[in-house]
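Everything below concerns the one structure shown next.
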Amino acid sequence: MGPDSAPGPAVPWRKVLWECQPFPDNYVDQRFLEELRRNEGIRQYRYWAVVKEAGFVGERLSCVAIFITIWLYIEQGLLSPETLLWTSLVCALLGYGLHQALTSQVESGCEPRTRLADLQSATIFLSFTFGFSPVLKTLTESVSTDTVYAMSAFMLLAHLVSFPYAHPSPPGSFSLNAALFASVCLASRLPGALHTFAMLSCALLVFALWPCLLQRLRENAPSQFTGVCVGVCIGGVGGLGSQWPGGAVLLALALWSVTLFCPLLLVRLQRQKDNIHGPWDEAEIHEDLSRL
């Protein structure tokens with residue numbers, strides 16, 4: 001009900017509840033819309049900045065595609081486990097050196113890990129993985145191949161959905177566990193225990209260590225980070241295309257949608273946003289209550 005329903009200008013309306021006034025309960029005067037505020041605190045996005053951040057999502061998609069490509073190569077006998085192990089070792093050493101170079105000398109609030117501690121962790125993981133490779137090789141013998149592939153696909157999808165893209169170092173526990181579970185399922189379908197060990201070592205690089213290095217690049221070398229993401233996406237499409245051209249086309253479409261189309265859609269829709277705030281909003285208590 002608007003101001004025309006007021007009994008007359010002689011009695012001024014006050015915005016109080018403790019007085020009995022000759023106005024309806026839902027009455028407001030002309031000052032009601034004076035406190036209207038639009039789009040308060042709305043963040044304005046720039047297209048290329050959003051594309052750069054979306055590159056991490058595209059890079060994760062491409063990493064999953066590269067991992068699947070490596071598994072296809074080793075499953076078909078086109079890649080030997082020895083070659084994969086030596087390649088993984090060289091990549092791990094190069095990545096560790098680059099990570100150490102990008103790591104600041106002073107870590108906030110904690111002591112930096114020593115190289116000896118990193119070597120011990122790597123040795124323990126590789127020893128246990130190599131020792132349990134024969135067990136992991138026979139882990140899914142009683143499960144049908146279709147079921148193994150379905151579980152692997154579901155777990156890789158869970159890895160992509162639950163991955164902490166904003167702060168990927170270290171990767172989220174659920175995301176990492178889902179990826180390693182899928183890796184174990186796929187590795188159990190390889191010919192021998194050495195194949196399983198090589199595949200799990202590669203999975204550790206792709207899903208656990210690589211995101212940490214990429215986060216360092218994003219923080220300390222933003223321009224190189226963009227180039228690395230583009231290179232990984234090209235490698236993912238090219239690698240998958242060598243085994244499954246249709247999958248490469250689907251991956252290229254997914255990368256285009258995630259890294260180019262969705263940011264454009266976000267920026268366009270952000271311009272249409274129209275949030276209004278006013279006296280009808282719920283009251284907010286700004287007093288510091290921590291001392292109570």
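The table for this structure:
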read-out	value
Accessible area per residue, Å², the chain with all protein chains present, probe 1.4 Å	63
Listed peptides 255-264, 190-199, 235-244, 121-130 by packing density, highest first (mean Cβ within 10 Å)	190-199, 235-244, 255-264, 121-130
Compactness index (Cα Rg / 2.2 N^0.38 Å), region 152-275	1.23
Net charge of neighbours whose Cβ lies under 13 Å from the Cβ of Val206, counting Lys and Arg as +1 and Asp and Glu as -1	0
Region 159-191 residues near the modelled Asp118 label - backbone nitrogen below 17 Å, point 7 Å along Cα→Cβ	169-171
Fraction of accessible area attributable to carbon and sulfur, the chain (%, probe 1.4 Å)	65
Separation in nanometres of the label points that stand 7 Å from Cα toward Cβ, at Leu126 and Ala166	3.7
Packing-based order for 213-220, 53-60, 148-155, using average beta carbon neighbours within 10 Å, highest first	53-60, 213-220, 148-155
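The values are calculated or read from the model by the stated rules, or taken from the named source; none is laboratory data. The structure presented is a predicted model; accordingly, all values stated were derived computationally and were not measured. Methodologically, a virtual Cβ is constructed for each residue, glycine included, from the backbone with ideal geometry; neighbour enumeration extends over all protein chains shown. Protein only, heavy atoms only, side chains kept; ligands, DNA and RNA dropped before computing areas. Shrake-Rupley method; radii C 1.70, N 1.55, O 1.52, S 1.80 Å.
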